[in-house]
Amino acid sequence: MTELHNMLSTSIPKFPRGVRLKHDEARQEWVLLAPERLIKCDPIAAAVLQLCDGKRSLSEIVKLLASQFNADAAIIERDVTALLQGLSDKKMVQM
Amino acid sequence: MEIPTPSTIGLPIGLLAELTHRCPLACPYCSNPVALEGRNTELSTEGWKRVFSEAAKLGILQVHLSGGEPAARRDIVELVQHCASVGLYTNLITSGIGVTEKLISELAEAGLDHIQLSIQDSDAESADKIAGYKGAFAKKKIVAGWIKAAEFPLTVNAVMHRANIARSAAMVELAIELGASRVEIAHTQYYGWALPNRAALMPSRTETETAVAEIDALRKRHHGEIVIDLVIPDYHATYPKACMGGWAKQFINVTPSGKVIPCHASETIPGLEFWNVTEHTLSDIWYSSPAFNAYRGIAWMPEPCRSCDRREIDFGGCRCQAFAILGDANATDPACHRSPHHALMTDIAEVDSNGAIGDYLYRKFPANVA
């Protein structure tokens, strides 16, 4: 397994004010709501974002997902980092 | 003709609630209709609450509380609270005028998610002239400070036209200075009050291209710092905008009196039958009202749209624009280079941008409407 960058592995992702993860009852899916934006979450994004509770660190999230999906932590780490970095650029996640 | 049915109609995502048409500002590009609805026709508090409850059930996720100036409604806090209680994401679209620090903190407590503040120009004097309100610019900067002090996420909305287009980049810098996390550089869309003001507002092609290029460069420079959204200048475009993401496909607009329309300009199209929330449920209106079904899907499309590979990308563009320019709401939006009338858009832009800058026709109520 590749090491997480120190800065990132201990970072705690959270949703800034104005961004909300919500289960959309009408469509039966998870959505991330932000100013003038809305992202429909695929099952993987939904699984990741539901773990972003403002307490867990990135490495803890990766560990939980790796065990939940019985998958290679390095691959999970890469996917989670890419997802959160993309959302962070859009100001939809704070690291 | 294929009739849309509930099984082929998707669920709406967003609802624009024009809570009132009253507004202290008089911007000449206001998207409200020229025939403004007076205070005595406005829905009651209970009326709006019912709309929001029905919206949440129907699948609406985001509500944009707009106007006019939504803070002119004395029940604005109560309405926000109600939206939050039924799970709606709430966005307040305000001019900032008439907003107090106390109101900002009450809105925060009520669960408001986001605030969009309009700013007319980065130059104070010009901004006040555009808004038709002395001191507007200075007041807005103070309000932006209150919004940030309350830790709200802030979007700055700037409508661009001939008087301010040279300061597109300065608007982005001002938005950053005010602590905005998002800025909308919105080139004027010629509907509502902007249409009769077109010759006073239209920038030249060169000014437009320069402004668009500046914003592109700023977007790269400020990547990750501020989100910059650009509403493209229609009259200089190659393809039309995917207006409202498709007619009655994602959005609902409710006017102050409760009339439900597919977009803010759709009342300009003659012959459309709109239903009102005082007589129908929002769900009935979404699925069955004649205006919402008028341009759904692709069956209504003429050529070249009907066989176009982009027909479900831009949906034939904007019906209101086709009517405004060509007098035919069924036509291909002339903003599209594939429209046989595309040259007309370029000609209009050319003529209007070279005309003398006249005095604005400021937005106002007629004398007989309160």
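Throughout, read-outs are computed from the coordinates displayed, never taken from laboratory work. Please read these numbers as outputs of a predicted model, since none were measured by experiment. With ideal geometry, Cβ positions are generated from the backbone for all residues, glycine too; neighbour counts draw on all protein chains shown.
Suppose R0 equals 41 Å; then what is the FRET efficiency for A:Thr10 and B:Gln250 from their Cβ-Cβ distance, rounded to the nearest 0.05?
On the way: r = 40 Å, r/R0 = 0.97.
Efficiency, from the Cβ-Cβ distance: 0.55.
May I ask for the net charge around A:Arg17, where only other residues with Cβ less than 12 Å from the Cβ of A:Arg17 are counted and Lys, Arg are +1 while Asp, Glu are -1?
Once positives and negatives cancel, what remains is +2.
What is the magnitude of the charge dipole of the range A:20-89 about its Cα centre, with +1 placed on the Cβ of each Lys and Arg, -1 on the Cβ of each Asp and Glu, and no other charges, expressed in debye to the nearest 20?
160 debye
Separation of the range B:245-302 and the range A:60-77 by C-alpha centroid, Å?
47 Å
Using a Gaussian network model of chain B with C-alpha springs under 10 Å, which one of B:Arg319, B:Arg74, B:Arg22 is most mobile by mean-square fluctuation?
Evaluated over chain B, the most mobile residue of the options is B:Arg74.
Using the Cα centre of the range B:109-179 as the reference point, and only Cβ charges (+1 on K/R, -1 on D/E), how large is the resulting charge dipole? Debye, rounded to the nearest 20.
Dipole magnitude for the range B:109-179 comes out near 280 debye.
What's the exposure ranking of B:Lys220, B:Lys140, going from fewest to most Cβ atoms within 10 Å? Don't skip to the answer; put the middle values down first.
Numbers: B:Lys220 8, B:Lys140 24.
Final ranking by Cβ density, sparse to dense: B:Lys220, B:Lys140.
For the pair B:Glu151 and B:Ala367, how long in nm is the line joining their label points, each one 7 Å along Cα→Cβ?
Output for this residue pair reads 5.3 nm.
Report the full-extension gain for the segment B:Glu177 to B:His337: residue separation times 0.36 nm, less the Cα-Cα distance, to one decimal in nm.
Residue separation times 0.36 nm, minus the Cα-Cα distance, leaves 53.7 nm.
Which FRET efficiency value, to the nearest 0.05, is calculated for A:Ile44 and B:Thr45 with the Förster distance at 45 angstrom and r the Cβ-Cβ distance?
0.60
Taking chain B as a Gaussian network, where each spring joins two C-alpha atoms under 10 Å apart, which residue of B:Gly271, B:Gly192, B:Gly245 fluctuates the most?
B:Gly271
Mind giving me the FRET efficiency for B:Ala138 and A:Arg20? R0 is 35 Å, r the Cβ-Cβ distance, nearest 0.05 is fine.
0.55
Please arrange B:Trp286, B:Trp275, B:Trp146 by counting, for each residue, the other beta carbons lying within 10 Å of its beta carbon, fewest first.
Ordered from fewest to most neighbouring Cβ atoms within 10 Å, B:Trp286, B:Trp275, B:Trp146 come out as B:Trp146, B:Trp275, B:Trp286.
Excluding B:Arg73 itself, calculate the net charge of residues whose Cβ lies under 14 Å from the Cβ of B:Arg73, where each Lys or Arg counts +1 and each Asp or Glu counts -1.
With Lys, Arg at +1 and Asp, Glu at -1, the neighbours total -4.
If you fit an axis through the alpha-carbon atoms of helix A:73-89 and take the longest principal axis of the Cα set of chain A, what angle between them do you get, 0 to 90°, nearest 10?
Taking the Cα atoms of chain A, the angle to A:73-89 is about 40 degrees.
I want the local charge near B:Gln116. Using Cβ-Cβ distances under 10 Å, sum +1 for each Lys or Arg and -1 for each Asp or Glu among the other residues.
Spelling it out: positives minus negatives among the neighbours equals -1.
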